[in-house]
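Please treat every number below as a calculation from the coordinates, not as lab data. The structure displayed is predicted, hence computed values, not measured ones. Cβ placement follows ideal geometry from the backbone for every residue including glycine, while neighbour counts extend to all protein chains displayed.
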């Protein structure tokens with residue numbers, strides 16, 4: 001089971017802050033991030049890529065977006 | 001996997017949007033908007049507060065179509081691109097208070113982050129102190145974020161109508177502007193106040209202002225343009241994406257001002273500005289801190305309001321009320337300098353923000 005960051009409902013910059021915190025704690029592996037708006041999705045993707053992680057899955061659900069990143 | 005299919009949210013997209021806004025703002029000035037104020041979200045919301053009679057500073061009363069356009073443009077864009085999502089409930093009243101103090105800080109400097117950049121692009125070197133203050137305020141905000149500051153989660157609303165309130169309010173304001181005009185020899189129409197002198201009397205033609213506002217609203221909603229986020233992301237994550245948009249905004253405005261003959265470098269006699277540098281710094285530091293704690297610059301709050309974000313709408317409303325408070329209680333500055341009670345208000349603002357920053361924290365992120 002990958003580590004999960006639930007950033008739904010949080011305003012900027014909290015989704016990115018939580019993602020980067022999890023990335024730092026994990027070092028490498030797989031991370032699942034939940035957001036609920038396209039801005040947070042774009043910001044998290046940008047932050048993950050800058051940190052050297054790859055986006056391996058983006059699943060858009062009616063009320064939320066699931067992102068899976070890997071390193 | 002690239003993941004970002006929205007061109008305006010890419011690096012070149014945000015640079016393009018910054019450049020377009022940077023070109024449009026000085027053109028709006030050329031067409032009648034006040035000097036170095038082609039666009040100023042704080043000043044324009046202050047003028048709206050005046051137009052509605054919330055304050056009686058006769059020189060700053062006008063229902064600014066740009067602000068209406070920002071919200072409605074964002075609303076249209078959000079609908080078109082399926083990003084309209086009614087939501088709210090993340091410490092709304094705290095956001096209202098932050099909006100009020102953001103405006104009090106901005107009216108001490110005489111401009112929001114947008115205008116601080118436009119003032120510098122017009123040669124007003126006093127803006128350097130405002131910009132330094134802005135960055136300092138945002139820096140303080142990032143310290144709170146590192147300590148776990150959060151206003152909590154918002155909730156998505158199941159009913160679409162829940163996000164219509166603020167766009168509808170802006171539509172009503174537009175209708176009032178279109179049907180109303182001042183009675184002969186007065187500054188008062190049937191519903192609205194209209195400045196007959198001062199910055200409030202200076203404006204581009206209504207439909208040009210409205211179209212520019214709508215266009216910027218659409219672009220900014222798509223690109224997530226944010227003048228506070230630009231500095232915050234650099235400080236917090238060394239992420240330069242939004243900063244590129246703001247840099248492009250400044251460069252485009254500077255070039256446009258040079259072409260239009262609107263660049264006048266210096267400290268003295270700058271339009272709608274004062275030279276009390278400590279207060280320029282402290283005013284924008286307070287505003288920057290409030291924008292950081294609320295998660296967006298005043299423009300971004302309007303664009304979010306258009307997307308259905310009720311918390312952002314409450315922040316924007318707080319700014320409008322803050323403008324009334326600032327002018328009614330002698331807190332707002334003028335080109336002569338700060339108001340009689342500016343220092344107390346700025347001090348109170350910092351105390352309130354620090355209390356908010358220290359007490360609203362999640363123990364476990």
- Item | Unit Cα scatterers, Debye sum, the stretch B:27-80: log10 I(q)/I(0) for q = 0.19 Å⁻¹ | -0.69
- Query: When all alpha-carbon pairs of the stretch B:58-217 are counted, what percent fall beyond 27 Å?
  - Reply: 42 percent
- Note on the structure: proj_area_mean for the stretch B:1-137 (convex hull on C-alpha atoms), units nm², value 10.9 nm²
- Message: Above 15 Å lies some portion of the pair distances; for the stretch B:326-365, what is it as a whole percent of all C-alpha pairs?
- Response: 54 percent
- Computed over all unlike Cα pairs, the Kirkwood hydrodynamic radius of the stretch B:83-124 in Å stands at 12.4 Å
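In square nanometres and to one decimal, what's the mean projected area of the convex hull around the Cα atoms of chain A?
Projected area, direction-averaged: 4.0 nm².
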- Message: Can you report the principal axis dimensions of the stretch B:255-365 using only the alpha carbons, biggest first, rounded to whole angstrom?
- Response: 52, 34, 28
- Message: Taking only Cα atoms of the protein assembly as shown, what ratio of Rg to Rh do you get with Rh as the Kirkwood inverse-distance radius?
- Response: 0.96
- Can you give the angle from 0 to 90° between the axis of helix A:38-50 and the longest principal axis of chain A, with both taken from C-alpha atoms, to the nearest 10? 10 degrees
- Task: Any chance you could tell me what percent of the C-alpha pair distances in the stretch B:277-328 go past 16 Å?
- Result: 46 percent
- Task: On a 0 to 90° scale, report how tilted helix A:14-26 is relative to the longest principal axis of chain A, with both axes built from alpha carbons and the result rounded to the nearest 10.
- Result: 20 degrees
- Message: Give me Rg/Rg_expected for the stretch B:125-256, where Rg uses Cα atoms only and Rg_expected = 2.2 N^0.38 Å with N residues.
- Response: 1.42
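Expressed as a rounded percentage, what relative contact order does the stretch B:185-319 have, with Cα pairs under 8 Å and six or more residues apart? Before the final figure, lay out each step's value.
On the way: 77 pairs, mean separation 29.9, N = 135.
Computed over the stretch B:185-319, the figure is 22 percent.
Expressed in whole Å with the largest first, what are the equivalent ellipsoid semi-axes of the stretch B:168-323 derived from the C-alpha gyration tensor as the square root of 5 times each eigenvalue?
Largest first, the stretch B:168-323 gives 29, 23, 18 Å.
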- State the dimensionless ratio Rg/Rh of chain B (Rg: radius of gyration of Cα atoms; Rh: Kirkwood radius). 0.94
- Note on the structure: Note to self: Kirkwood Rh of the stretch B:242-315, Cα pairs, one decimal, Å, is 15.0 Å
- What are the extents of the Cα atoms of the stretch B:145-203 along their three principal axes, listed from largest to smallest and rounded to whole Å? 55, 33, 15
- Inter-chain shielding of B:233-245 (mean C-beta neighbours from other protein chains, 10 Å cut-off): 3
- Message: Show me, bin by bin at 10 Å from 0, the whole-percent P(r) of the stretch B:75-144 based on Cα pairs.
- Response: 17, 32, 29, 21, 1
- Distance in nm between label sites at residue B:351 and residue A:49, each 7 Å beyond Cα in the beta-carbon direction? 4.7 nm
- Item | Alpha-carbon spread of the stretch B:126-178, three principal axes, descending order, Å | 39, 36, 8
- Task: Averaging sequence separations of C-alpha pairs under 8 Å and six or more residues apart, then dividing by the length of chain B, give the relative contact order as a whole percent.
- Result: 37 percent
